[in-house]
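Chemist: The structure's right below; bear with me while I get my questions together.
The values are calculated or read from the model by the stated rules, or taken from the named source; none is laboratory data. All figures in this text were calculated on a predicted structure; none of them were measured in a lab. Quick reminder, even Gly has a Cβ in these numbers, built from the backbone with ideal geometry, and neighbours come from all protein chains shown. Calculation scope for accessible area: heavy atoms of the full protein, side chains included, ligands and nucleic acids excluded. Shrake-Rupley method; radii C 1.70, N 1.55, O 1.52, S 1.80 Å.
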Amino acid sequence: MSTEYDAIVVGSGPNGLAAAITLQQAGLSVLVIEGHSNTGGGLRTAELTLPGYWSDVCSAIHPMGAGSPFLQTLPLEQFGLEYIHPPVLAAHPFDDGHAAILKRDLTETATLLGNDKDAYLRLLEPVVRDWPGLAPDVLGPLHFPEHPLNMARFGLQALRSAQSVAKGFRTKEAKGLWAGMAAHSLLSLDTLSTAAVGLVLMANGHLTGWPLPKGGSQSIAAALVAYFKSLGGKIETGHYVRSLSELPSAKAILFDITPKQLLEIAGESFNDLYRWQLKKYRYGVGVFKVDWALNGPVPFTAPECRQAGTVHLGNTIEEITRSEADVNAGRLNDSPYVLLAQQSLFDPGRAPEGKQVLWGYCHVPHGSTADRTEIIEKQIERFAPGFRDLILDRHTFNTAQLEEYNPNYIGGDINGGILDIWQLFTRPALRISPYRTAAKGLYLCSSSTPPGGGVHGMCGFHAARRALKDLWHINVPLPRKA
Ligand SMILES: Cc1cc2nc3c(=O)[nH]c(=O)nc-3n(C[C@H](O)[C@H](O)[C@H](O)COP(=O)(O)OP(=O)(O)OC[C@H]3O[C@@H](n4cnc5c(N)ncnc54)[C@H](O)[C@@H]3O)c2cc1C
C-alpha cells in the first residue's frame, strides 16, 4: 500500500523534533504535525509581560541540551543556535547572606565548599570522568551498557535518595547546594533515585555548562526546525490531533505526547493490557510559574547570585526537604524551593536597556490552581531585599493554565510523568521497548519515555531509532564520542 509519508510525528517539542530529524536523516519522508500555532513545545520564548521583554514560556536553562549525546551531533550552530555561558552556573544563597555555587570547573566548585571539598570530589569526580561514555546508555532504555563497570558504579550512587547522599557532606553549603540540584526531580528527597537527577545535572555542568540560548529557548527549536527542513522535512502547525483518522497515511506515527492523550487519540488500537498499563501511568507534582519584567537586576545580598544564570532558593537542605515532601504529599508549602533564571543579565537583547526579565517557578501539588505569586515573591525578597520595588509587570501560570497552554503538562507535571525508580526506565509501561506501543507502527517519543523530562531530545532519538529498526531494518548507532 502506498502512503503519503513514511512517518508522521505528532508534536514538535524537542523530542518530536529529534525523532523527526533522526527519521529524515535516514532518508525517509517525514511530516511533523503541531497543535500550537508555532513549533517548539517546551522551547518557546514570548513577550509574556511587557513589549520588549522576552520570557521563556517553559524551559530556560539547558545543561541537558548542551550535553545531549544526540543534539551534540547536529550542526545547530550553523542554524543559528548560540549558547551563552554565565560565569556562575547556579547559585544557592543562605539566610546569612552568602551563597554556595556550581561553577564549570569541578575543582573550583569543590574548593569553594571548604570542608566538603573532598566529599564533593569523591561524589562528582567519577561521574564527571565517566559521564561521556555513560551518557548514551543512561539517557535511553534499559540495555546492556558499553561500560558495565562504570555503569554499575554510577548506578549505585544514582539510585540512592538525595537525602542519603547528603549524609556524605558536613557543611550546610554543600548540603544545600546538593538539595537544590536533586529537587529538580520534583520528588520528595527521601525517594530512591533522586540522587540521579542531582548527579547528572552537576556532572553536565562541569562538562558542558548550564547555558542559555541567545534569544531564548525558542532558538533551540528554531535551529532544530531549520535543520529538519534543510533535510527535506515538512511541518504543519495549528492542527491539534484528536484521532488517528485525521492523519495522512504513513508507515510509522510517532507521538510526542503523554499516555493520557495517547489513550484518547489511539486507545482503540491497543489491546486491553496496554490500555490498562497506560491508564496506570503516574503523573507527578506540578509547577506554578511566574515571569517578571524588572526595572533592574535582582538585588541579591549574596554577590555570587548576581553572576548566576540559575538561582535556587530554599536555604537549607532541611527546608528544601520539607518543601518537596509537602508538595508530594499534596500540601502547599509557604517557604517553597524556588528556581530562578536571570537570562537578560547575560543576553541583553532579552529586555530593554537597563531592564531585566526574570523567570521562576515553585513546585505545587498535582493539579493545584492556588496562586503562589506572593509566596514566591516573598521567598525572593528574603534573599534579595528590595526585589518587589523593581517589579514592572508579571505573568503567571498555574497548573491548569500550563496544561491548557501545552496538553503534555498533565496537572502541571513538566516531566511527562513521575521520574521515580519505577518509571525511570519503564515509562510508559514495562515492555521490551518502551517506545513501541501495542499497535504496529505507532510509537511514543515524548518525555513519557526514557530518559524522561528535560530538553535533550533523547526520547525522540530512541523512539525513531526503534521505528527505523522495526519497520525499515535500519540500524542507527548510539551517538558515542570517538
Ligand atoms: C515551566 C517549565 C520550565 C522548564 N524548565 C526547563 C529547563 O530549564 N530546562 C530543561 O531542560 N527543561 C525544562 N523544562 C522541561 C522541558 O520543557 C520538557 O521536559 C520538554 O519540553 C519535553 O519535551 P517533549 O518533546 O517531550 O514535549 P513538549 O516540549 O511538551 O512538546 C510537545 C508538543 O506536542 C504538541 N502536542 C501535544 N498534543 C498534541 C496533539 N494532540 N496534536 C498536535 N500537537 C500536540 C504540544 O503543543 C507541544 O508543542 C521545563 C518545563 C516547564 C513547563
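Chemist: In the chain, what percentage of the DSSP-assigned beta bridges are antiparallel, given to the nearest 5?
Modeler: 65 percent
Chemist: Can you return the lysines within cross-link range of K279? Criterion is Cα-Cα under 23 Å, with same-chain partners fewer than 8 residues away left out.
Modeler: Here the lysines satisfying the reach criterion relative to K279 are K260, K440.
Chemist: Right, next: If you average the C-alpha positions of segment 170-245 and of segment 292-313 separately, how far apart do those two centres end up, in angstrom?
Modeler: Centre-to-centre (Cα) distance: 21 Å.
Chemist: Can you compute the modelled spin-label distance between L430 and Q72, with each label point 7 Å from Cα toward Cβ, in nm?
Modeler: With each label placed 7 Å out from Cα toward Cβ, I get 3.4 nm.
Chemist: A further question follows. Let me check I've understood the local charge: for I235, count other residues with C-beta under 9 angstrom from its C-beta, Lys and Arg +1, Asp and Glu -1. What total comes out?
Modeler: 0
Chemist: Please give, to one decimal in nm, the separation of the simple spin-label points placed at K469 and T111, each 7 Å out from Cα toward the Cβ.
Modeler: 4.5 nm
Chemist: While we're on this one: How much length is gained on full extension from L244 to K214, taking 0.36 nm per residue of separation minus their Cα-Cα distance?
Modeler: 7.0 nm
Chemist: What ranking do 184-195, 444-455 get when scored by the average of other Cβ atoms within 10 Å per residue, highest first?
Modeler: Taking the mean over residues of other Cβ atoms within 10 Å, the ranking is 444-455, 184-195.
Chemist: Here is a further query. Report the Stokes-Einstein translational diffusion coefficient (µm² s⁻¹, integer) for segment 360-437, Rh taken as the Kirkwood radius over Cα pairs, at 25 °C with viscosity 0.890 mPa s.
Modeler: 162 µm²/s
Chemist: In 20 Å bins starting at 0, how do the alpha-carbon pair distances of the chain split up by percent?
Modeler: 25, 59, 15, 0
Chemist: Ok, one more. Would you please classify the overall shape of segment 132-280 from the alpha carbon gyration tensor, given that a ≥ b ≥ c denote the square roots of the eigenvalues, rounded means a/c under 1.5, and beyond that prolate means a/b larger than b/c while oblate covers the rest?
Modeler: Prolate, because a/c is 1.5 or more and a/b exceeds b/c.
Chemist: Report, for segment 1-100, the % of DSSP beta bridges that are antiparallel, rounded to 5.
Modeler: The antiparallel proportion sits near 50 percent.
Chemist: In vacuum, with every alpha carbon of segment 200-359 counted as one equal point scatterer, what does the Debye formula give for log10 I(q)/I(0) at q = 0.08 Å⁻¹? Two decimals, please.
Modeler: -0.43
Chemist: Provide, as a two-decimal number, the C-alpha radius of gyration of segment 95-162 over 2.2 N^0.38 Å, N being how many residues it has.
Modeler: It is 1.34.
Chemist: Carbon and sulfur atoms: what percent of the 1.4 Å accessible area of segment 1-43 do they account for?
Modeler: 43 percent
Chemist: Next up: So, in nm, how far is label E381 from label A329 when the simple model puts each one 7 Å beyond its Cα toward the Cβ?
Modeler: Taking the two extended label points, one gets 2.8 nm.
Chemist: Can you tell me the relative contact order of the chain? Whole percent, Cα pairs under 8 Å, sequence separation 6 or more.
Modeler: About 25 percent, as a whole number.
Chemist: For segment 180-246, compute Rh as the Kirkwood radius over C-alpha pairs and then the Stokes-Einstein diffusion coefficient at 25 °C and 0.890 mPa s; write the answer in µm²/s, rounded to an integer.
Modeler: 156 µm²/s
Chemist: Same structure, new question: Once each part is reduced to its C-alpha centroid, what is the distance from segment 318-394 to segment 76-103 in angstrom?
Modeler: Between the Cα centre of segment 318-394 and that of segment 76-103, the gap is 17 Å.
Chemist: Sticking with this structure for a sec: Would you kindly derive the ³J(HN,Hα) couplings of segment 413-418 from the backbone phi angles with the Karplus curve 6.51 cos²θ - 1.76 cosθ + 1.60 (θ = phi - 60°), listing them in order in whole Hz, with x for Gly and Pro?
Modeler: Listing the rounded values in order: 6, 8, 9, x, x, 4 Hz.
Chemist: Could the peptides 333-340, 246-253 be put in order, highest first, of the mean number of other beta-carbon atoms found within 10 Å of their residues?
Modeler: 333-340, 246-253
Chemist: With a/c under 1.5 counting as rounded, go ahead and sort segment 1-135 into rounded, prolate or oblate using the C-alpha gyration tensor (a ≥ b ≥ c being the square roots of the eigenvalues; past the cut-off, prolate if a/b is larger than b/c, else oblate).
Modeler: Oblate.
Chemist: Compute the length gained on full extension between T373 and S29: take 0.36 nm times their separation in residues and subtract their Cα-Cα distance, giving the result in nm to one decimal.
Modeler: Gain on extension, T373 to S29, equals 119.2 nm.
Chemist: Based on the alpha-carbon gyration tensor of segment 60-206, what equivalent-ellipsoid semi-axes (square roots of 5 times the eigenvalues) come out, in whole Å, largest first?
Modeler: Semi-axis lengths for segment 60-206 are 25, 21, 14 Å.
Chemist: Then there's this: Kindly express, to the nearest 10 degrees and within the range 0 to 90, the angle between helix 373-383's C-alpha long axis and the longest C-alpha principal axis of the chain.
Modeler: Once rounded, one gets 50 degrees.
Chemist: Working from Cα positions, state the angle (0 to 90°, nearest 10) between the long axis of helix 148-158 and the longest principal axis of the chain.
Modeler: Around 50 degrees separate the two axes.
Chemist: Okay, next question. Relative to the longest principal axis of the C-alpha atoms of the chain, give the angle of the C-alpha long axis of helix 458-472, reported between 0 and 90° and rounded to the nearest 10°.
Modeler: 10 degrees
Chemist: Ok, one more. Full-extension gain between R122 and A152, please, as 0.36 nm times their residue separation minus the C-alpha to C-alpha distance.
Modeler: Using 0.36 nm per residue and subtracting the Cα-Cα distance, I get 9.2 nm.
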